[in-house]
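Colleague: Before anything else, here's the structure in question.
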Amino acid sequence: MAGIDLTDPRFIADPYPALAELCRGAPVQWNDSLAAWCVFPFHDVRAAFREPALSSDRIRPFIRAKAGGDPDIAYLGDCIGLWMVFNDPPVHARLRKLVQMAFLPQAIEALRPAVAAEVDRLLAGLVQRGRDADFVRDFAYPLPANVIALMLGVPRADVDQLKAWSDELARFVLSSVADPGKYKPAADALRGMNAYFAGIIAVRRTAPGDAIIDRLIAAHDGDDLLTLDELLAACVLLLFAGHETTTHFLSSGLRALEAHPEQRRRLAVNVAAPGILRTAMQEFLRWDGPIIAVSRVAAADCIVSGQPVRAGERVYLFPAAANRDARAFAAPDQLDLTRADANRMITFGFGPHICLGLHLALLEGEVAWPRLLDRLAGWRIAPHTPEFTTTLVVRGVTRLPLAPPAA
């Protein structure tokens, strides 16, 4: 185990054979390539998500170790340190309670007509492209990006600029590569995003609407409100985290159906049946979700599934392994879009840190998949060499060319 390179692009492109082998070994194993402990089995990963000694605050320790007076690294730490996902209780609980007020079920459900209109618009453009169509570029990326933009009061014309900033920020947040050149571009991108959202927030304070950003501004717990810095952090986090995972959720689902034509036919026939679509999407997320692993840092000496872990050591939790653990799911390597327990998947986390955007992603899928199955009937994925993202955190293909039905 210690010698398996879990950062190798070949592993990231097809992690499941190695993960199945690792999942059959000890629950917690040291890996040299990550310089960290790794947790693989389903029940152990779920327990680790709830372990209070495993801290989500990976930013502040890094800043303390790396800043050394560098203003760009310090700025990144000050801003990203306010992200809800990089905080522990009680700060995390407070931020989540306030942000969650903007993500109430009725607020997400209210987006359904706008999502449907966006799906129809993008699909029309994709079909018109014909043999030049690419599912990622023409549908799976712009759908969640434009929905997040709508939620945050961002004009569609500005989405590409925000995406460019987000990509520069990802070089810092998602990459473990020791690249001293990544800090200034990431900090400059974050400065741009903060200034942009500060302008939107100032306008919405004087002329509020009914978007999610207005709910964030108004969210309160008694006299407790999000500060401006916390609002900016929430907007940047929602934009940063709210589109890429859904992009890969949609594209991986299409790849799964291409590899399982009988499952595709059954889903197309039964897509309107109650519960069928939600179960299918949960199975997409279980079978090949957009997250391989998430990291934690031991805040104190602790025991994780019987393994002593010292304060300061990193621990990686592998939902991708847990979701295919044969002790938790029958025939785990089989795609079964009617799987009764697919809702047990933990792709988006578990416990207090479960992703707030899960229900938004499922809503987008519920709207998109019936239309995709209808409009893309007879379309297939064109022959190509898949190119995957290169991190354990968010995994998916960067392009997915399509071939229309033969005339």
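The values are calculated or read from the model by the stated rules, or taken from the named source; none is laboratory data. Predicted model only: the values in this text are computed from it and were never measured. Glycine gets a Cβ as well: all are built from the backbone with ideal geometry, and neighbour counts include every protein chain shown. In case anyone asks, the SASA skips ligands and DNA or RNA and just uses the protein heavy atoms, side chains included. Shrake-Rupley method; radii C 1.70, N 1.55, O 1.52, S 1.80 Å.
Colleague: With a 1.4 Å probe and every protein chain kept in, tell me what percent of the accessible surface of region 257-407 is carbon plus sulfur.
Modeller: On the way: 3540 of 6370 Å².
The value for region 257-407 is 56 percent carbon and sulfur by accessible area.
Colleague: Can you tally the net charge around Asp221? Count Lys and Arg as +1, Asp and Glu as -1, for every other residue whose Cβ sits under 12 Å from the Cβ of Asp221.
Modeller: Surrounding charge for Asp221 is +1.
Colleague: Also, quick follow-up: For the pair Glu21/Arg191, report the inter-label distance in nm, with labels modelled 7 Å from Cα in the Cβ direction.
Modeller: 4.8 nm
Colleague: Please report the spacing between the Cα centers of region 184-240 and region 44-98 in Å, no decimals.
Modeller: 19 Å
Colleague: Where a Cα-Cα gap under 21 Å defines reach, which lysines qualify for Lys184, not counting those fewer than 8 residues away within the same chain?
Modeller: Counting by Cα, and skipping residues close in sequence, Lys184 has these lysines nearby: Lys66, Lys163.
Colleague: Kindly point out which whole DSSP H helices in the chain project their C-alpha atoms 15 angstrom or further along the helix axis while averaging a Kyte-Doolittle hydropathy of -1.0 or above.
Modeller: 112-129, 159-173, 183-206, 228-259, 276-288, 358-375
Colleague: How large is the Rg to Rh ratio of region 260-310 when both quantities use alpha carbon positions and Rh follows Kirkwood? Can you show the working numbers first?
Modeller: Working: Rg = 19.2 Å, Rh = 14.4 Å.
On the Cα set of region 260-310, Rg over Rh gives 1.33.
Colleague: Evaluate E = 1/(1 + (r/R0)^6) for Glu258 and Gln100, where r is the Cβ-Cβ distance and R0 equals 56 Å; express this FRET efficiency to the nearest 0.05.
Modeller: My answer for the efficiency is 0.95.
Colleague: Another question, then. Given Cα positions, please report Rg to Rh for region 74-154, the hydrodynamic radius being the Kirkwood one.
Modeller: My calculation of the ratio gives 1.14.
Colleague: Heavy atoms only, probe 1.4 Å: what % of the accessible area of region 186-243 goes to carbon and sulfur, would you let me know?
Modeller: The nonpolar share, carbon plus sulfur, comes to 58 percent.
Colleague: Per Stokes-Einstein, at 25 °C and 0.890 mPa s, what whole-number D in µm² s⁻¹ belongs to region 125-227, with the Kirkwood radius over Cα pairs as the hydrodynamic radius?
Modeller: 153 µm²/s
Colleague: Taking the Cβ of Ala133 as the centre, find all other residues whose Cβ is under 14 Å away and add up their charges (Lys, Arg: +1; Asp, Glu: -1).
Modeller: Once positives and negatives cancel, what remains is +3.
Colleague: Just how much of Cys355 is accessible, in Å², when a 1.4 Å probe is used and the result is rounded to the nearest 10?
Modeller: Per-residue accessible area (Cys355): approximately 50 Å².
Colleague: Then there is this: Taking a quarter of the surface of the convex hull around the Cα atoms of region 23-145, what do you get in nm²?
Modeller: 13.2 nm²
Colleague: Now for a separate question. Any idea how far the Cα center of region 376-395 sits from the one of region 254-331, in Å?
Modeller: Each part's Cα centre sits 18 Å from the other's.
Colleague: Once the principal axes of the Cα atoms of region 204-265 are found, what is the range along each, listed largest first in whole angstroms?
Modeller: 55, 22, 21
Colleague: On to the next question. Keeping all protein chains in position, work out how much accessible area Met101 exposes to a 1.4 Å probe, and write it in Å² to the nearest 10.
Modeller: Ignoring ligands and nucleic acids, Met101 comes out at about 60 Å².
Colleague: Could you tell me which of rounded, prolate or oblate describes region 306-360, using a ≥ b ≥ c as the square roots of the eigenvalues of the alpha-carbon gyration tensor, with rounded for a/c under 1.5 and, failing that, prolate when a/b is larger than b/c and oblate otherwise?
Modeller: oblate
Colleague: Taking only protein heavy atoms and a 1.4 Å probe, what accessible area per residue, in Å², does the chain have with all protein chains in place?
Modeller: Values: 17490 Å² over 407 residues.
Normalised by residue count, the accessible surface of the chain is 43 Å².
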